[in-house]
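First the structure, in the form of C-alpha cells, and then the observations on it.
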Amino acid sequence: MIAVLIAENDPMVRALIELFVSESGSYQVAASICCHHLTPELLKEHPAQLALINTDGLETIAWLKREYPNVKLIAMTGMPDHSCMTGARENGADSFWYQQPDAKALIALMDRTMAGESVYPQQMVVRLGQALSTDFTDRELQVLREVVAGSTDAEIGEKLGISLRTVKGHIQNLREKTGYRNRTELAVHA
C-alpha cells in the first residue's frame with residue numbers, strides 16, 4: 001500500500017478524497033489535514049510516498065519538494081483557474097488535478113504519477129453558469145477565488161491591491177457572464 005498525505009482546506013472535499021484513496025485498494029491515507037497544518041513534524045510522524053496538496057499551498061509544495069524530494073506531489077484545485085496549474089508546475093508539483101468527483105480519474109492520475117509520469121492537463125475548460133472558464137480575465141479569476149474563499153469586497157481589494165469600486169465591478173462582470181443573480185450563487189456554484 002502506498003501512503004498518501006492529503007492537504008486540502010475544504011473539509012467536504014478532503015473527506016471525499018479520503019474516501020477515494022481508502023477504497024482504491026492500492027493507497028492508504030497516512031494523514032489528512034488543512035494545508036496550513038503541514039509541518040516537518042507531521043511528515044516525520046506520518047511518512048508518505050505521495051502527497052495531494054491544494055494549490056492554496058503552493059509555497060508548501062515548493063518546501064515539500066525541497067525537503068522530501070522522493071515524495072511525489074499532485075497539486076489540486078477546484079477552481080477553473082489556469083494560473084493554479086502554472087504555479088503548481090513552477091513550485092515543483094509532479095502532476096496536477098482539477099478536482100472532480102471521479103474516483104477512477106484521481107486513482108489513474110495517482111498511478112501515473114507514482115509510475116514517474118508528470119501529468120498536467122493541456123487546458124481545462126469548465127462551465128460556470130452561462131460562461132466558460134476561458135471567458136474570464138485573469139483578474140476576474142483572482143477575484144472569484146477570493147469570493148469563494150469568503151473574503152469581503154474590502155479584503156479582496158486589499159489583497160489584490162485594487163479599489164473597492166474595481167472589486168465590485170469585477171464581481172458584477174462575473175455575475176453577468178455567468179448569469180448568477182447574486183454573489184452567493186456565484187460563490188456556491190464556483
Here the averaged projected area of the stretch 92-160, based on the convex hull of its alpha-carbon atoms and given in nm², is 6.4
Which of A149, A31, A48 fluctuates most in a GNM of the chain (C-alpha springs under 10 Å)? That residue is A149
Hits in the stretch 49-77: amide N under 16 Å from the 7 Å Cα→Cβ extension of Q100, namely 76-77
For the stretch 31-190, the dipole about the Cα centre with charges only on Cβ (Lys and Arg +1, Asp and Glu -1), to the nearest 20 debye, works out at 300
So, for the Cα atoms of the chain, Rg and Dmax in Å stand at 17.3, 53
As straight-line cross-link partners of K72, the qualifying aspartates and glutamates (C-alpha separation under 13 Å, not fewer than 8 residues apart within one chain) are D94, D111, E117
If each part is reduced to its alpha-carbon centroid, the stretch 130-151 and the stretch 1-63 end up apart, in Å, by 26
Straight-line reach check, K159, cutoff 25 Å on alpha carbons, 8 or more apart in-chain or any other chain, hits among lysines -> K168, K177
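Values quoted throughout were computed directly from the atomic coordinates according to the rules given, and no laboratory measurement underlies them. Bear in mind that the values here come from a model prediction, so they are computed numbers and not experimental data. Neighbour counts are summed over all protein chains in view; Cβ atoms, including those assigned to glycine, are modelled from backbone coordinates with ideal geometry.
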